[in-house]
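These notes concern the structure reproduced below.
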Amino acid sequence: MRKLIFAAIIFCASCTVQQVKKSVRDSEVFDQGFTGFMLYDPAKDKVLYALNEDKYFTPASNTKMFTFYAAYKVLGERVNSLDYLVSGDSLVFWGTGDPSLLHPDFEDSSVVDLLGKTDKKLFMANNFDEVTAYGSGWSWNWYNYYYGPERSAMPIYGNIIRFIKTTEEKEMAYTPSFFTQHIIENKKLSAMDYSIIRDKNRNEFSYYLKNASSEFETDKPFVTSAELTAEMLGDRLNRDIKLIDYTPFKNRPHEKLKGIAADSLYKQMLKISDNFLAEQLMVLVADELFDSLDMGEAIDYVKKEYLMDLPDAPQWVDGSGLSSHNKFTPRSIIKLLEKIRAEVPEDKIYAYFPSGGESGTIRSWYKSDDEHPYVYAKTGTLSGVHCLSGYLLTKSGKTLYFSFMHNNYLISSNELKKEMEKILYHIHSKY
C-alpha cells in the first residue's frame, strides 16, 4: 500500500512538471518576447524544468538580490555612518555612503548626535569625487523621477525632496524646508491633478496643483554636491561646517561611527525595490572592504570572493539594476537564491523579500488562498524587461527556487504577470 501511495505521489509530481513545461514552452504570451525560466527543487537537488537557463538576460531589479547578498556578507549588523577624526579643536568627517542621514523613512540619529553635540569646530572633507551621481547605462531623463536619486559619498535627506498633499489641506507640504526659495508655482504647467518639475541641471522646482482636492506623496531628486550637503547639514545642526580637501586625510587613521541597523536598509531596499538604497549599499560595501567608495572595486571583490561558484559569470555594474548593462542568467540567479537560503535565516528572508498578495512590489499579485503567502520573490522591471525570481512554497510543504526572466517584449507587463501567476499557483497547488 505504501509503495502505491509513493508511486502516486511521484506520478502526480511528474504530471505537474510536464504541465509546467507545456505552459511555459507553449505560452503565446511568453512567445511575444524572449523568456528564460528555471525551477529547482533543493530537497532533491534537481532541476525540475529549465528554458534558456544558460542565456544572459537584463535582470533589472533582480540585481538587488546580488547587492543584498554582498551587503549581508560584508557589512555586519550596523553600517558605517561616518568616517571622522579629532585633531586639536577640530573634528574632520567625510561620508561612507550611508543613505540614512536625515532620510525621511529612517530615524537613525548617529551622525546628528555626534556632530551636533561636539564642541569641536566642524570640517567636512570632500570625498564626493569617489562616487559618480549616475551609473553606467542609466537613462539621462530619470533626474525628475522618484526612482532616480543621485548617488553620493554622503547622502542627506535621501537626496530627495518629499512632497505631500492631503485632501484636507489646500497647499502641499514638503521636506526638507531648505529648498523653500527654490520651489515656485507655475500655472503654465500641464497637469491632470498636479505637476512637479525640476530643472535638469539646477535645484529649481516648479509645481502646479490643478485639483485642490488631490492627494499624493511623491519624491523628487535634487542635484547633489559636497557644497550643498555641507550647507544643508550645517543648516540642520545650526552649526558652521567648512568644506576642505579630502586628500590629506585619505590615508590617516580615523574612527568609523556605527549607525543604522543594516536590516532596516535591506528590508526597504528589497520590499519596495528602492534604487537609492541599493546603490548606497554597494558604496557602503566598498567603504567596509577598502575604506574607499569605489563601487566597481567592491563588485569585483564580491564576484571573486563569494560568487565564483555561479554557473555563469555575472556582468554586474550597479547596485540597483537600473543599468541595462547588467546581464545575468536564470541558473546563476537560482544558485544565488540557494546561497542566500543557506546563509540567511529563513525568517529574515521572508521579512526582507516581497510576499505575494501581502507586501512590497508583489502585494497585488500571486495571492494565496490561505493565510500564508506562497511566493517570496524579487521583481525586476525596465522598458521591455520583467523578471521575477525567488522562493515558491508548495501546499505539500516544499520550498522551490524559481527564476522567470522576460526581455524584449512590447506587451503590458500585466500580461506576463497573469501568465506567471497561473503557472506559479499551479506549482504551489500540485507539486
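The values are calculated or read from the model by the stated rules, or taken from the named source; none is laboratory data. Predicted, not measured: the structure shown is a model, and the values here were computed from it. In this analysis, Cβ positions are derived from the backbone assuming ideal geometry, glycine residues included, and neighbour counts consider all displayed protein chains. When the accessible area is computed, the model is the full protein with side chains, heavy atoms only, and any ligands, DNA or RNA have been set aside. Shrake-Rupley method; radii C 1.70, N 1.55, O 1.52, S 1.80 Å.
Does anyone have the angle between helix 295-306 and the longest principal axis of the chain? Alpha-carbon axes, 0 to 90°, nearest 10?
Taking the Cα atoms of the chain, the angle to 295-306 is about 40 degrees.
Count the lysine pairs in the stretch 362-417 whose Cα atoms lie under 19 Å apart, taking only pairs 8 or more positions apart in sequence or on different chains.
Summing the qualifying lysine pairs gives 5.
Shape of the stretch 129-174 from its Cα gyration tensor (a ≥ b ≥ c, root eigenvalues): rounded if a/c is under 1.5, otherwise prolate when a/b > b/c, or oblate?
Because a/c hits 1.5 or more and a/b fails to exceed b/c, the stretch 129-174 counts as oblate.
Of all the Cα-Cα pairs you can form in the stretch 251-394, what percent are over 20 Å apart?
Tail of P(r) above 20 Å: 55 percent of Cα pairs.
Pairing the Cα long axis of helix 262-271 with the longest principal axis of the chain, what angle in degrees results, from 0 to 90 and rounded to the nearest 10?
On a 0 to 90 degree scale, this one is about 60.
Could you work out how much longer the chain between GLN19 and SER90 gets when fully extended? Use 0.36 nm per residue separation minus the Cα distance between them, nm to one decimal.
Full-extension gain reported as 18.6 nm.
Peptides 25-38, 371-384: what's the order by average Cβ count within 10 Å, highest mean first?
Peptide ranking by packing, descending: 371-384, 25-38.
Name the residues of the stretch 215-255 whose amide N is less than 19 Å from a point 7 angstrom out from the Cα of THR167 along the C-beta direction?
215-218
Pick from GLU168, GLU107, GLU204: which is most flexible by mean-square fluctuation in a GNM of the chain where alpha carbon atoms under 10 Å apart are linked?
The residue that fluctuates most here is GLU168.
I need the phi-derived Karplus couplings for the stretch 118-125: 6.51 cos²θ - 1.76 cosθ + 1.60, θ = phi - 60°, integer Hz, Gly and Pro marked x.
My calculation for the stretch 118-125 gives 6, 9, 7, 6, 9, 10, 9, 7 Hz in order.
List the lysines whose alpha-carbon lies under 25 Å from that of LYS200, not counting same-chain residues fewer than 8 positions away?
Within the straight-line cut-off, LYS200 pairs with LYS165, LYS187, LYS188, LYS210, LYS220.
Could you tally up the Lys pairs in the stretch 1-149 with alpha carbons closer than 21 Å? Skip any pair fewer than 8 positions apart unless they're on separate chains.
Summing the qualifying lysine pairs gives 9.
5 Å is the cut-off here: which amide hydrogens, built 1.01 Å from N in the peptide plane, fall below it relative to VAL79, excluding neighbours closer than 5 in sequence?
For VAL79, the qualifying residues are GLY259, ILE260, ALA262.
Expected output is a single nm value to one decimal: the length gained when fully extending between SER214 and SER264, i.e. 0.36 nm times separation in residues minus the C-alpha distance. What is it?
14.9 nm
At 1.4 Å probe size, put TYR391, TYR425 in order of accessible surface, largest to smallest.
Correct descending sequence by accessible area is TYR425, TYR391.
Can you give the net charge of the other residues whose Cβ lies under 12 Å from the Cβ of ASP119, counting K and R as +1 and D and E as -1?
In short, +3.
How much solvent-accessible surface does ASP294 expose, in Å² to the nearest 10, with a 1.4 Å probe and all protein chains in place?
So the heavy atoms of ASP294 present about 70 Å² to solvent.
Between LYS304 and LYS422, how many nm apart are label points set 7 Å from Cα along the C-beta direction?
Result for the modelled spin labels: 4.8 nm.
Residues with amide H under 5 Å of ALA377's amide H, sequence separation 5 or more or different chain, H placed in the peptide plane at 1.01 Å from N; which?
Residues meeting the criterion, in which the H sits 1.01 Å from N, are GLY356, TYR391.
In whole Hz, with x marking every Gly and Pro, tabulate ³J(HN,Hα) for the stretch 221-227 from phi via Karplus 6.51 cos²θ - 1.76 cosθ + 1.60, θ = phi - 60°.
Result, ordered by residue: x, 10, 6, 8, 6, 4, 4 Hz.
State, to one decimal in nm, how far the label point of SER139 lies from the label point of GLU255, with both points 7 Å from Cα in the Cβ direction.
Here the answer is 4.5 nm between the modelled labels.
Quick check: the angle from helix 413-430's long axis to the longest principal axis of the chain, C-alpha only, nearest 10 degrees?
With rounding to tens, the tilt is 50 degrees.
Convert each backbone phi in the stretch 382-391 into a coupling constant with the Karplus relation 6.51 cos²θ - 1.76 cosθ + 1.60 (shift: θ = phi - 60°), then list the ³J(HN,Hα) values in order as whole Hz, x for Gly and Pro.
Using θ = phi - 60°, the values come out as 9, 4, x, 10, 8, 10, 8, 9, x, 10 Hz.
Which whole-number percentage describes the relative contact order of the chain, with Cα contacts under 8 Å and a sequence gap of 6 or more?
On the way: 881 pairs, mean separation 104.8, N = 431.
Once divided by the residue count of the chain, the mean separation gives 24 percent.
Roughly how many nanometres apart are two label points built 7 Å out from the Cα toward the Cβ at GLN315 and ASP245?
Label at GLN315, label at ASP245, 4.0 nm between them.
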